[in-house]
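Asker: A single structure is presented below for examination.
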Amino acid sequence: MTRIDGDPVPSEALKLAAGQCDIEDDRLIRPVQVHSACVRKVGTSGRQVDCDGTVTDRAGLIHSLLTADCIPLFLFHPGTGTTALIHAGWRGLDTGIVEQGLKALELPPDQADELLAVLGPAVRSCCYEVREDVAGRFPGQIRREGERMFLSLQEAMIERLLKAGLRAETIEDESPCSCCHPDDHYSYRYNRTDRRMVSLMGVLF
Ligand SMILES: [Zn+2]
């Protein structure tokens, strides 16, 4: 995951980030993100329209994602080398993107506990104030301060991962809040930026 300074255009940032990692453009899987619950299994690089997550078992293909407060979720199954990179904000979580992502991995149910998961930098409950319309969808993950309500996207995601059979020990959620650390991250909450963080993931060979 990287932040490219001085670049205003997300698609250019993606090219730059890939270049920094010595990844050629033609290996990138590029979802055209729309805050959906759609996760697609792919076997080739290139654009994937109307989709917020991709799964592949092909070594050499590289998932990409652009975020500025939503969670980039990285999944890896060591036994098969299958990877997934999923974009999840409250809408995606609410409409089942985690569940769709796990389904797209096509693992036998008893192998979900072998998955490794990493939650990348995103806005955390310290800064993610929501209104009743959103809070009502996540009753277990709301922190109240007087009249104000704050949502933990991370807790909502982890609850879903555990329910699907992943183990708590192999879910890593140690990234800082994107909104509290604007020097290191782009955060839409912080300043309504049109810049984006770039996530890349793949099995190189
Ligand atoms: Zn924060």
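The values are calculated or read from the model by the stated rules, or taken from the named source; none is laboratory data. Just so you know, these numbers come straight off a predicted model, no measurement behind them. All Cβ positions, glycine included, derive from the backbone under ideal geometry; neighbour counts span all protein chains shown.
Asker: Among the strands (runs of 3 or more DSSP E) lying completely within region 1-118, list those that include at least 3 residues that are within 27 Å of GLU159 (Cα to Cα). Break it down stepwise before answering.
Answerer: On the way: elements: 28-31, 46-48, 53-56, 62-67, 71-77, 82-88.
So the answer is 53-56, 62-67, 71-77, 82-88.
Yes/no per residue for (1) in contact with a His (Cβ under 9 Å, 6 or more places away or on another chain); (2) surrounded by fewer than 22 Cβ atoms within 10 Å (Cβ to Cβ); (3) on the phi < 0 side of the Ramachandran plot; (4) charged (D, E, K, R):
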| position | (1), (2), (3), (4) |
| --- | --- |
| ASP69 | yes, no, no, yes |
| GLY79 | no, yes, yes, no |
| LEU107 | yes, yes, yes, no |
| PRO121 | yes, no, yes, no |
| LEU161 | no, no, yes, no |
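Asker: When region 84-129 is examined, which residues are found to be away from the ligand (no atom under 16 Å from the Cβ) and charged (D, E, K, R)?
Answerer: ARG91, ASP94, GLU99, LYS103, GLU106, ASP110, ASP113, GLU114
Asker: Let me ask something else. Return yes or no: is VAL203 in contact with a Gly (Cβ under 8 Å, 6 or more places away or on another chain) and either of a type in the set (A, V, I, L, M) or surrounded by 15 or more Cβ atoms within 10 Å (Cβ to Cβ) (or both)?
Answerer: Yes, satisfied.
Asker: For region 173-205: of the residues being touching a helix residue (DSSP H, G or I) at 6+ places or on another chain (Cβ under 8 Å) and closer than 21 Å to ALA156 by Cβ, which is modelled with the lowest pLDDT? Show your work before the answer.
Answerer: From region 173-205, those touching a helix residue (DSSP H, G or I) at 6+ places or on another chain (Cβ under 8 Å) are 173, 178-179, 182, 194-196, 198, 200, 202; that's our starting set.
Filter again for closer than 21 Å to ALA156 by Cβ, leaving 173, 178-179.
On the way: ASP173: 97, SER178: 92, CYS179: 89.
This residue is CYS179.
Asker: All but one of (1) more than 23 Å from LEU200 (Cα to Cα); (2) in a loop (DSSP other than H, G, I, E, B); (3) within 15 Å of the ligand (Cβ to nearest atom); (4) of a type in the set (D, E, K, R) hold for GLU174; state the number of the condition that does not hold.
Answerer: Of the numbered conditions (1) more than 23 Å from LEU200 (Cα to Cα); (2) in a loop (DSSP other than H, G, I, E, B); (3) within 15 Å of the ligand (Cβ to nearest atom); (4) of a type in the set (D, E, K, R), the odd one out for GLU174 is (1).
Asker: Do you know which residues across region 136-159 are outside any strand (DSSP E or B) and surrounded by fewer than 19 Cβ atoms within 10 Å (Cβ to Cβ)? Before you say what the answer is, go through the steps one by one.
Answerer: Just the residues of region 136-159 that are outside any strand (DSSP E or B), to begin with: 136-141, 146-147, 152-159.
Hits for region 136-159 are GLY136, ARG137, PRO139, GLY140, GLY146, GLU147, GLU155, GLU159.
Asker: Then there is this: Looking at ARG195, ARG160, ARG167, ARG144 in this structure, which one is away from the ligand (no atom under 16 Å from the Cβ), among the charged types (D, E, K, R) and closer than 30 Å to ASP26 by Cα? Reasoning before the result, please.
Answerer: On the way: ARG160 fails: closer than 30 Å to ASP26 by Cα; ARG167 fails: closer than 30 Å to ASP26 by Cα; ARG144 fails: closer than 30 Å to ASP26 by Cα.
It is ARG195.
Asker: So how many residues does region 186-200 have that are assigned to a loop (DSSP other than H, G, I, E, B) and either surrounded by fewer than 17 Cβ atoms within 10 Å (Cβ to Cβ) or touching a Lys or Arg at 6+ places or on another chain (Cβ under 6 Å) (or both)?
Answerer: Step one: filter region 186-200 for residues assigned to a loop (DSSP other than H, G, I, E, B), giving 186-187, 192-196.
Narrowing further to those that are either surrounded by fewer than 17 Cβ atoms within 10 Å (Cβ to Cβ) or touching a Lys or Arg at 6+ places or on another chain (Cβ under 6 Å) (or both): 186, 192-194.
Going through region 186-200 one residue at a time, the tally reaches 4.
Asker: Can you pull out the residues in region 86-105 that are buried (at least 19 other Cβ atoms within 10 Å of the Cβ) and out of contact with any strand residue (DSSP E or B) (no Cβ under 6 Å at 6 or more places or on another chain)?
Answerer: As a first pass, look at region 86-105 and keep what is buried (at least 19 other Cβ atoms within 10 Å of the Cβ): 86-90, 92-93, 97-98, 100-102, 104-105.
If the condition is that a residue be buried (at least 19 other Cβ atoms within 10 Å of the Cβ) and out of contact with any strand residue (DSSP E or B) (no Cβ under 6 Å at 6 or more places or on another chain), then GLY89, TRP90, GLY92, LEU93, VAL98, GLN100, LEU102 are the ones that fit.
Asker: Next up: So, in region 109-149, how many residues would count as being among the polar types (S, T, N, Q) and out of contact with any Lys or Arg (no Cβ under 9 Å at 6 or more places or on another chain)? Break it down stepwise before answering.
Answerer: We begin by selecting, within region 109-149, every residue among the polar types (S, T, N, Q); these are 111, 125, 141.
Subset that is out of contact with any Lys or Arg (no Cβ under 9 Å at 6 or more places or on another chain): 111, 141.
Residues meeting the conditions: 2.
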